[in-house]
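Shown next, in structure tokens, is the structure this report addresses.
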Amino acid sequence: MKNENFGFSSGNVSRESLKNNRGPILSGLLREINISRIGWSFLELFYCLIGVGAAFVSFVIEKDVFFRITQQKDFSFWIVLILESAKVMTIVVYGFLFRTRSADIGSWNRFIIKFFQFSLITLSFTCSLALISFSLDRPNLAKVRTEDIKLIESRYQEKLSLLQKRLESETAVLMDRTDLEYDKAFQRLRNHYEPRIKELRADLKKEMDNRVGKDFKGPRYREFEKLLQITEAEYAARINALKPENMSLTASVENMINQKKQAFIKAEKELMDWRSDEIMKIRTGHYGDDERANNQLINAVLRTVNDGILVFFNFSVGQITFTCLFSFLIAILIELTIYVSFYSAVLSFSSKLDLMFSMDSSHLDSKKN
């Protein structure tokens with residue numbers, strides 16, 4: 001077929017020639033309806049549907065980003081629907097007008113339209129880049145932070161338990177030492193006085209058998225009795241003297257225990273400060289170089305690329321750089337898919353639409369004549 005472009009012709013058909021040759025034009029259009037053109041039309045429709053799918057993906061991405069920013073579900077849906085529809089329709093409508101020059105568009109209006117298109121595409125691109133980066137950049141960060149915080153809490157409890165056990169142990173040792181000192185002093189007195197008292201009582205009992213007439217309380221008996229009373233009184237006095245000594249020792253031990261408790265409180269506060277600092281570091285930490293937080297597939301790719309290829313150039317790509325480049329690539333491909341598919345549809349149908357408008361115009365002109 002002569003001058004056939006399979007739907008991508010950019011030429012314009014003369015209205016005058018259409019007016020004079022309406023019959024041949026109709027017959028030409030009928031001849032174009034064949035299997036190849038039907039197949040090509042389905043291919044063009046499929047290509048357009050790809051653009052519709054990309055536009056839908058862009059819509060979902062923008063809506064999600066707007067919702068994350070505004071936390072307003074309805075507002076995010078309608079504003080993104082309006083902007084995404086305006087982006088697609090601007091490509092279609094003004095692409096056709098610019099292509100066919102069927103409207104008189106001034107340079108200033110043309111600039112406004114192009115700027116409007118650029119702004120809408122930039123917005124979509126930014127949202128796509130933001131969401132994809134958000135999905136790829138350290139996807140396991142929350143999980144890793146939770147695990148690290150649990151580890152800090154576990155260490156904190158272990159150290160606190162160790163401090164408490166140490167305080168309890170040292171307190172028990174000091175209390176035992178007080179009781180032990182008292183028991184040792186009391187035992188020394190018992191070991192010293194009780195055998196002596198027992199011996200004096202035995203001598204006193206023996207002396208009771210030495211009677212002078214009916215009276216057994218002779219000088220020796222009285223002497224033993226006096227010695228026994230003195231020894232018992234001295235024993236009792238020494239035992240009573242242990243109480244103030246024990247109280248003094250108890251006070252000293254209690255003072256030492258209080259010092260231990262103060263040291264424990266200080267150590268506990270330092271431990272709590274350490275825990276708070278470590279948790280704050282975890283919550284504000286970047287984790288950019290922590291493989292646990294990063295995407296495992298990206299880690300594997302980077303290891304392969306860095307160690308297998310870029311190592312020869314003494315160069316390496318980091319996780320953030322790769323994520324940025326990959327997000328940029330996906331975002332720009334989505335926007336290019338939308339633009340190219342819809343603009344291709346404009347290029348495909350512009351000549352046919354121009355032909356239809358020209359035929360309609362010639363029909364109206366013939367009616368007026």
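No lab work stands behind these numbers, since they all come straight from the coordinates. Computed from a prediction, not measured in an experiment: that's the story for all the values here. Positions of Cβ are backbone-derived with ideal geometry, glycine not excepted, and every protein chain shown enters the neighbour counts.
Computed extension gain for ALA267 through MET280, at 0.36 nm per residue and net of the alpha carbon distance, reaches 2.7 nm. With Cα atoms as the point set, segment 309-350 shows a radius of gyration and Dmax of 17.3, 53 Å.
Couplings 3J(HN,Hα) for segment 136-142, derived from phi with the Karplus relation 6.51 cos²θ - 1.76 cosθ + 1.60 (θ = phi - 60°), are 8, 7, 6, x, 9, 4, 4 Hz, where x marks Gly and Pro. Along the Cα-to-C-beta direction of LEU227, a point sits 7 Å from the Cα; which residues of segment 183-203 have their amide N less than 13 Å from that point? 196-203, by backbone N distance to the label point.
Computed over every Cα-Cα pair of segment 281-338 and binned at 5 Å starting from 0, the pair-distance distribution P(r) comes out as 4, 16, 21, 19, 17, 12, 8, 3, 0 percent.
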